[in-house]
Amino acid sequence: MSRNVPEAEEQVLSTLNLDGSRRWIRPKLSKGRFYRRRLVVAWSLIVAFTTIPYLKVGGKPLMLLDVPRQQFILFGKTFLATDTMLLMLLLVGIFITIFLLTAIFGRVWCGWACPQTVYMEFIYRPIERLFEGSRARQLKMDREGASAGRILKYVAYLFVSIFVAHTFLAYFVGVDQLFYWIQQPPAEHPTAFAIMALVTLLMFADFAYFREQVCIVACPYGRLQSVLLDRNSLIVGYDARRGETRGRLGQRRKGPPAEGESWGDCVDCQACVVTCPTGIDIREGLQLECIGCTQCIDACDAVMEKLGKPRGLIRYSSRDALDGKKTSILRPRVVIYPLILVLVFGMLAISLARKQDTDVTILRGLGAPYTQLPNGQISNQVRIKLVNRSNETRLYAITLVEGEGVEMIAPENPVRVRAGKTETTAVFLNVSPGSFARGERSVRIRIHSGDSFEREFTYRLLGPEGGE
Ligand code: SF4
Ligand code: SF4
């Protein structure tokens, strides 16, 4: 602690000392039943995160968030930035799912699946323990200064961060582009190299320095939990009715805590506190800093087992259940969120099922609805917008299939559209004025690209009233 700094009267944040300096959290690992389950989940997620960029569906990546080209590929389907409705439905669906999961299972995402927790607790923290040893040795290093072990840890962190940053970027540029860049000298692709270096640096800074601060200070989800959780949501909680009055074994030998009172099951051993990766004391109730990682459950269960008492003084429960009140699974939000989800994902599924890998929009030409040519014919300009969502360049042929006496002039036919791109072309449909009835007549336009795509459209030509 630094001197000459006025100290706060009480600790305001678990990661701050009273003088405002950083309080480094060095959690003690508690290897209980929940840790073992989280280990399986975490490594499944790490393997999934690492392999997804390599997986393909129908020749397209399973997932590619191609920001520079403004296209997103999910499960082999291409979404363009112009697919506002689909993207909006997808985002609304994701948010409502998070709301629903949080209402039922509390911060299960934070504790079990968030990349920040998964990578911190199951890759970076084990590396730290490997090079720096136990919590006691780590705290000694904090007091006495860095050691060779700590320097080696940072070197290992750097290599892991390089790997994680490359995997992360593969989601945005694809593995083929990534491997091409890796094989070229940085001078060949300075921007990509700079982005890679920056992401690596951010990863390193996150896991080496910011750590739990990301969850406590930066992540908006932690702050949202107070509105997403209710009194029946699943939380990691301390059973104060069973645990209080707390007291150490030594105190208990001297007699009851006060006249007419008896000791609870909490022996005030602090095992739940020293294992907490965000440095809080779960016995103070539900706190914003709690990421639901279950480490305190494992720590306390081990203590209870040693004392020959039932496990679960700290357990998954709800605030109402811990207060001894009646709990209810069915609450308004638990009913309303799934209904909205069925609606949103139903609309999304129907839109996706109907979506072909080419979008065609036929638009009327800009300016006057039609023009009269020097030879007396009426000319309608038609603009055809083509969106190619496939992963290959396509040639789209435009033909007139119904339109007796109509002449089609297409300066560009077939139209070449690269994969994931949009092109707009103009065609002119010329016809004699006498063929219009009440100022209009219909034609059918066919657009096709080999065996891959074919569609016909009815288009209304405009002309003079009475055909003159
Ligand atoms: S680990 Fe259990 S017994 Fe020990 S202080 Fe925490 S709640 Fe009390
Ligand atoms: S209080 Fe328990 S569940 Fe919450 S973050 Fe700390 S150890 Fe994890």
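Structure values in brief
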| item | result |
| --- | --- |
| Net charge contributed by nearby residues that have their C-beta within less than 12 Å of Ser317 (K/R +1, D/E -1) | +3 |
| Å³ per residue enclosed by the Cα convex hull of segment 150-267 | 196 |
| Quotient of C-alpha Rg and 2.2 N^0.38 Å, computed over the chain | 1.42 |
| Fewest-first sequence of Ser14, Ser328 by Cβ atoms within 10 Å of each Cβ | Ser328, Ser14 |
| Neighbour-limited loop hits for GluC sites (Glu not before Pro), segment 407-451 (at most 16 other Cβ within 10 Å; DSSP other than H, G, I, E, B) | Glu412 |
| For segment 288-342 and segment 169-184, distance of Cα centres in Å | 43 |
| Neighbour-count ranking [beta-carbon atoms within 10 angstrom, fewest first] of Asp451, Asp83, Asp323 | Asp451, Asp323, Asp83 |
| Packing rank of 30-41, 113-124, 224-235, where each peptide gets the mean count of other beta carbons within 10 Å, highest leading | 113-124, 224-235, 30-41 |
| Where N is the number of residues in segment 60-182, Cα Rg divided by 2.2 N^0.38 Å | 1.46 |
| Shape call, segment 377-441: gyration tensor on alpha carbons, a/c limit 1.5 | prolate |
| Ranked packing of 426-436, 176-186, 52-62, most packed first, by mean Cβ within 10 Å | 426-436, 52-62, 176-186 |
| Sparsely packed trypsin sites (Lys or Arg not before Pro) within segment 416-468, loop by DSSP, other Cβ within 10 Å at most 10 | Arg438 |
| Neighbour net charge for Ser233 - beta-carbon separation under 13 angstrom, K R +1, D E -1 | +3 |
| Orientation-averaged projected area, Cα convex hull of segment 272-373 (nm²) | 15.0 |
| Over 25 Å [Cα-Cα, segment 358-467], rounded percent | 23 |
| Overall dimensions of segment 199-313 by Cα: Rg and Dmax, Å | 17.4, 61 |
| For segment 226-277, Kirkwood radius (reciprocal of mean inverse C-alpha pair distance, Å) | 13.1 |
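All of the numbers you see were taken from the coordinates with simple rules; none came from a lab. Computed from a predicted structure; not experimentally measured. A quick note on method: Cβ atoms are made from the backbone with ideal geometry, for glycine too, and the neighbour counts reach across all protein chains shown.
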